[in-house]
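For reference, the structure discussed in these notes is given below.
The values are calculated or read from the model by the stated rules, or taken from the named source; none is laboratory data. Keep in mind it's a predicted model, so treat the numbers as computed, not measured. Positions of Cβ are generated from backbone atoms using ideal geometry, with glycine treated the same way; all protein chains shown enter the neighbour counts.
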């Protein structure tokens, strides 16, 4: 029987908070149970497994992150939209390191179709890139470039990986400028005409 006061939403929110405090990989059902002062079994009324818990944290964090990005890019286009997207992405990653780490896990494809946050992320990201005149397969390539650049930069920054005296924000701004130039001058893949 579920413990009074515990809900799946409360459990997942607490796991997300714990991830920000101790790191996503260190979140366990036992650690979460200790936080609530209950036995592990009490949480299994709300989540099926550790993998289920981590997937739910990833979906929660993904929703929070895309909400922040969507608010930032609303009414903007081109370089201004890219800069707003990038700033919101980086802000979330640095403010919520555990939640952000959760957004990087691979989610079972059967869950993707039922995850509004993941669909919304794709819509906003692809919308941003379509404004640069990109179509498939260039869209997918550009998404991968942005994700790699943003994730790599945020990961290095979070671990103190930038040791040069140059201001980290200034380097970020230049990187976004460079990404804008790359997107504007994207080398379109040659398409073979259909016979």
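All conditions but one from (1) under 24 Å from residue 95 (Cβ atoms); (2) surrounded by 14 or more Cβ atoms within 10 Å (Cβ to Cβ); (3) modelled with pLDDT of 95 or more apply to residue 142; the one that does not is (1). Summed over segment 94-118, residues that are assigned to a loop (DSSP other than H, G, I, E, B) and either under 15 Å from residue 154 (Cα atoms) or under 11 Å from the mean Cα position of the chain (by Cα) (or both) total 3.
Would you check if residue 91 is under 14 Å from the mean Cα position of the chain (by Cα), in contact (Cβ under 8 Å) with a residue 24 or more places away in the chain and either surrounded by 15 or more Cβ atoms within 10 Å (Cβ to Cβ) or under 29 Å from residue 178 (Cβ atoms) (or both)? Here the answer is no, as residue 91 does not meet what is asked. Among the residues of segment 182-193, at least one is modelled with pLDDT of 95 or more, under 23 Å from residue 66 (Cα atoms) and part of a helix (DSSP H, G or I). Among the conditions (1) within 14 Å of the chain's Cα centre (by Cα); (2) surrounded by fewer than 15 Cβ atoms within 10 Å (Cβ to Cβ); (3) at pLDDT 95 or above, the only one that residue 69 does not satisfy is (2). If you go through segment 1-44 and pick out every residue that is within 23 Å of the chain's Cα centre (by Cα), farther than 14 Å from residue 61 by Cβ, surrounded by 16 or more Cβ atoms within 10 Å (Cβ to Cβ) and in contact (Cβ under 8 Å) with a residue 24 or more places away in the chain, you end up with 2. Taken together, 60, 118 contain a single residue that is surrounded by 13 or more Cβ atoms within 10 Å (Cβ to Cβ), at pLDDT below 90 and closer than 22 Å to residue 8 by Cα, which is 118.
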